[in-house]
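Participant: Below are the structure tokens for one structure; questions will follow.
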Amino acid sequence: QVQLVESGGGLVQAGGSASLSCVASGSILSLNTFSITVMGWHRQAPGEERELVARISSGGSTNYADSVKGRFTISRDNAKNTVYLQMNSLKPEDTAVYYCNVEGRLGVQRSFTSWGQGTQVTVSS
């Protein structure tokens, strides 16, 4: 399947910015019939359920959680199999483990979903 490796994250003060990146790799990416369709970010705070933060389709269509709309920007580089999350005007409630995920298709019928290991983002007040 697809291996996802996140980078970025760390400690930032409220009002600051941070940038996350996630690189997809794996032999399946070399198959002519395989393509990554959707890439996105979820997050999970302590005691909370994992929630969608943002996603972007292969055509560039984006969706954001209401809580981050206007502050976060998701983008992707298809040539590098990489998805990014630019986070501005961070708030303490943004503190969470952020997980990268991708959805891919193999041919017309098979689909794949992969998750990264997560990266901690901590916003201090």
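The values are calculated or read from the model by the stated rules, or taken from the named source; none is laboratory data. If you're wondering where the values come from, they're calculated on a predicted model, not measured in any experiment. Heads up, the Cβs are rebuilt from the backbone with ideal geometry, glycines too, and the neighbour counts pull from every protein chain shown. Keep in mind that these areas ignore ligands, DNA and RNA; they rest on the heavy atoms of the full protein, side chains included. Shrake-Rupley method; radii C 1.70, N 1.55, O 1.52, S 1.80 Å.
Participant: Across the range 44-57, in residue order, what do the Karplus-derived ³J(HN,Hα) couplings come to in whole Hz, using 6.51 cos²θ - 1.76 cosθ + 1.60 with θ = phi - 60° and x for Gly and Pro?
Facilitator: The phi angles translate into 9, 8, x, x, 10, 7, 5, 10, 6, 9, 7, 8, 9, 8 Hz.
Participant: Measure off, as a whole percent, the carbon and sulfur share of the 1.4 Å-probe accessible area of the chain, all protein chains present. Before the final figure, lay out the partial values.
Facilitator: Numbers: 3010 of 6650 Å².
Summing carbon and sulfur atoms, their accessible area is 45 percent of the total for the chain.
Participant: I'd like the FRET efficiency for ARG110 and ARG71, computed as 1/(1 + (r/R0)^6) with the beta carbon distance as r and R0 of 41 Å, rounded to 0.05. Present the calculation step by step, with values, prior to reporting the outcome.
Facilitator: On the way: r = 36 Å, r/R0 = 0.88.
Efficiency for this residue pair is about 0.70.
Participant: Report the FRET efficiency, 1/(1 + (r/R0)^6), for ASN88 and SER27, where r is their Cβ-Cβ distance and R0 is 41 Å, rounded to 0.05.
Facilitator: Numbers: r = 36 Å, r/R0 = 0.88.
Result of the calculation: an efficiency of 0.70.
Participant: Moving to a separate point now. In Å², and per residue, what accessible area does the range 1-122 have when probed at 1.4 Å with the other protein chains present?
Facilitator: Numbers: 6450 Å² over 122 residues.
Per-residue accessible area for the range 1-122 comes out at 53 Å².
Participant: Multiplying the sequence separation of GLN117 and ALA79 by 0.36 nm and subtracting their Cα-Cα distance, what value in nm do you get?
Facilitator: Numbers: separation 38, 0.36 × 38 = 13.68 nm, distance 2.24 nm.
This chain segment gains 11.4 nm when fully extended.
Participant: Please give the length that would be gained between SER125 and SER19 if that part of the chain were fully extended, namely 0.36 nm times their separation in residues minus their C-alpha to C-alpha distance (nm, one decimal). Intermediate results must be reported in sequence, preceding the final value.
Facilitator: On the way: separation 106, 0.36 × 106 = 38.16 nm, distance 1.87 nm.
This chain segment gains 36.3 nm when fully extended.
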